[in-house]
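First the structure, in the form of C-alpha cells, and then the observations on it.
Quick note: the coordinates plus some simple rules give every number you see, no bench work behind them. These figures come from a predicted structure and were not determined experimentally. Cβ: placed from backbone, ideal geometry, glycine included. Neighbour counts: every protein chain shown.
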Amino acid sequence: MARPRRGALCILLAVVFAAAVAEAEETEKQSTYIVHVAHKHAPLLPGRGGLVATGAYGSFLRDHIPVHMSVPAPRVLYSYSHAATGFAARLTGRQAAHLAAERSVLAVVPDATLQLHTTLTPSFLGLSASSGLIPASNGATDVVIGVMDTGVYPIDRASFAADPTSLPPGKFRGSCVSAPSFNASAYCNGKLVGAKAFYEGYELELGRPINETEELRSPLDTNGHGTHTAFTAAGSAVADAALYGYAKGKTVGMAPGARIASYKVCWKYGCMTSDILAAFDEAIADGVDVISASLGSTGSAEPFDMDSIAVGAFSAVRKGILVSASAGNSGPGESTARNVAPWLLTVGASTVNRRFAADVVLGNGDTFPGASFYAGPPLGATKIPLVYGRTVGSKTCEAGKLNASLVAGKIVLCDPGVNFEQGDTVKLAGGVGAIFTSAKELGELALGSPQIIPATAVTLRFRNT
C-alpha cells in the first residue's frame with residue numbers, strides 16, 4: 001500500500017514544482033544588466049589576446065545560476081572583450097544579486113538610459129592650414145575618430161565628401177554595415193570609413209522592436225545630433241555655407257583630414273549603457289585613434305566603476321585611444337559637470353567670436369543685445385507696442401492662452417519656455433513679433449532659435465530692467 005502513496009506524493013510534488021515555476025515566470029521580470037567578470041575567471045579563447053569565445057557566457061550563466069533560479073532563462077545580449085571583460089544579459093533581480101555575490105564577478109550594473117549632450121572655431125583658436133598643428137599632423141589624415149552618437153547622415157553632404165582615391169588608414173579594421181536604410185557602398189568613402197548601429201539594449205528597454213516609421217534601425221541619422229558632432233570633429237571644408245542666411249562663409253571641422261567611424265548608440269528615447277559599452281568594445285577592436293562621445297547622464301553622477309562611459313574609456317585609454325566626452329548640458333552650478341573621470345578629456349562649452357545679433361531697441365533708445373535665427377523680412381523702423389505675456393494671458397506664452405484682442409499687432413515679451421513654440425503661439429494670437437527671455441540658469445547667454453515671425457532672445461536681465 002505504501003507504493004501508491006509514494007507515487008501520489010511524487011505527482012503532487014511535481015505539480016507543486018510546476019506551479020512554482022509558472023508563478024516565477026509570471027512574477028519575476030527580467031531587466032538588462034552589465035556583468036563585469038574577473039579576467040582570470042572569464043571564458044577566454046587561448047592565444048586570442050583575451051577574446052571571449054562566442055556563446056561562452058551562456059555557459060557561464062548556466063554554471064553560476066542555480067537551478068531553482070534558472071526560470072526565466074537568462075539571455076546574453078553582448079559579450080565584451082576590449083572595453084571590459086564581461087557581458088550584458090537579461091536577468092531577474094534575484095539572478096543578478098546571486099551573480100554579484102560570486103567570486104568570479106566584479107560587479108553587476110543595471111543598464112541605464114543616458115541622453116545626448118548638445119564654424120568659425122579653427123580660426124578663432126588661431127589654427128592655420130599653413131602652419132602649426134594642422135600641417136604638422138599632415139591634416140590628421142591617418143587619424144580615425146570614432147563618434148558615438150545618433151549615427152550619421154552622409155547623403156549629399158559635402159562635409160562628408162572625400163577624394164575617391166583616398167583609402168582608410170591601413171591600421172583601421174572597421175567597416176560600414178549595410179541595412180535596408182543604409183547603403184554602405186554608396187554612403188561610405190575615404191572620409192566616412194565606418195558605420196555601425198547598436199540597439200539590443202534599447203529595444204529591450206522599449207519592450208518592442210524599433211518602429212522604423214519613427215527612427216531607422218541602421219547607422220543612418222534621423223536626429224541630426226550625430227551628424228553635427230561628426231562634422232564638428234572632422235568635417236571636410238564646405239564653401240558658401242550659411243544658417244538661415246546668417247554667418248555665410250566656409251565651414252570646416254576641427255581635423256578636416258581625419259576619417260570618421262560612426263557608432264550609433266543613441267535613439268529617439270535615449271542611449272542605453274549596454275549598447276554604449278558594446279560600441280566602445282567595437283571601436284577599440286576596429287582600431288580608432290580617438291573616441292568622441294557627446295552623451296551622458298542627466299541625474300546624479302555614478303561612481304566611475306558603475307559608469308559605462310568611464311569603464312569603456314579606461315580600457316580605450318590603456319590602448320592609446322584618446323576619449324573626448326562632453327561635460328553635459330547642465331550648469332553652471334556645483335556638481336553639474338558629467339564625464340569627469342580623470343582619464344577622459346572632458347569638453348565644456350565656451351564662447352566664439354560670432355553672435356547672431358538681433359538687438360532690441362526700445363522707444364526711449366535703450367538697446368539690449370539679443371540673438372535670433374529669424375531670416376524673414378524685418379519689422380522696419382516703425383515703433384510697435386510691447387506687451388508682457390503675463391498681462392495678455394500667459395507669461396510663458398503658452399499655446400491657446402494668449403488673448404488675441406490684446407496681442408494683435410504687438411510684440412510680446414515671453415518668460416522662459418520653448419522658444420520656437422512660443423513664436424508660433426504669438427503669431428497665432430495675431431502678434432507681429434516676440435522677445436524671449438532666457439532661463440536664469442543660462443546667465444548672460446541668450447539662445448536664439450529659428451522663428452516664423454520677427455523674434456529675438458535676450459537675457460533675463462532685460463525683463464527685470
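In this rough spin-label picture, where each label sits 7 Å from Cα along the Cβ direction, the Ala186-Asp240 distance is 2.6 nm. Across segment 141-146, coupling constants 3J(HN,Hα) worked out from phi with the 6.51/-1.76/1.60 Karplus curve, θ = phi - 60°, read 5, 9, 9, 10, 9, x Hz, and Gly and Pro carry x. Peptide packing: for 32-42, 96-106, 358-368, the average count of neighbouring Cβ atoms within 10 Å per residue gives the ranking 32-42, 96-106, 358-368, highest mean first. Ordered by the number of other Cβ atoms lying within 10 Å of each residue's own Cβ, fewest first, Thr459, Thr222 fall into the sequence Thr222, Thr459. Among all the aspartates and glutamates, which ones have a C-alpha under 13 Å from Lys191's C-alpha, if same-chain residues fewer than 8 places away are not counted? By straight Cα distance, Lys191 reaches Asp142, Asp163. Each label point was placed 7 Å from the Cα along the Cα-to-Cβ direction; for Ser137 and Phe304 their separation is 2.5 nm. Summarising the label geometry, the points placed 7 Å from Cα in the beta-carbon direction at Glu421 and Val177 lie 3.5 nm from one another. Since only Ala404, Gly423, Thr459 are under comparison, the one whose Cα sits farthest along the positive direction of the charge dipole of segment 360-463, derived from C-beta charges on Lys, Arg, Asp and Glu, is Ala404. Our note on the geometry: Cα centres of segment 272-326 and segment 147-164, 22 Å apart.
Mind running the shape call on segment 114-347? Use the C-alpha gyration tensor, a ≥ b ≥ c as the square roots of the eigenvalues: rounded below 1.5 for a/c, prolate if a/b tops b/c, oblate otherwise. Rounded, since a/c falls under 1.5.
Give me the net charge of Ser297's neighbourhood, meaning all other residues with Cβ under 12 Å from the Cβ of Ser297; Lys, Arg count +1, Asp, Glu -1. So the environment of Ser297 carries a net charge of -1.
Here the 3J(HN,Hα) profile of segment 55-65, calculated from phi with Karplus coefficients 6.51, -1.76 and 1.60 at θ = phi - 60°, is x, 5, 6, x, 5, 4, 5, 5, 6, 9, 9 Hz, Gly and Pro shown as x.
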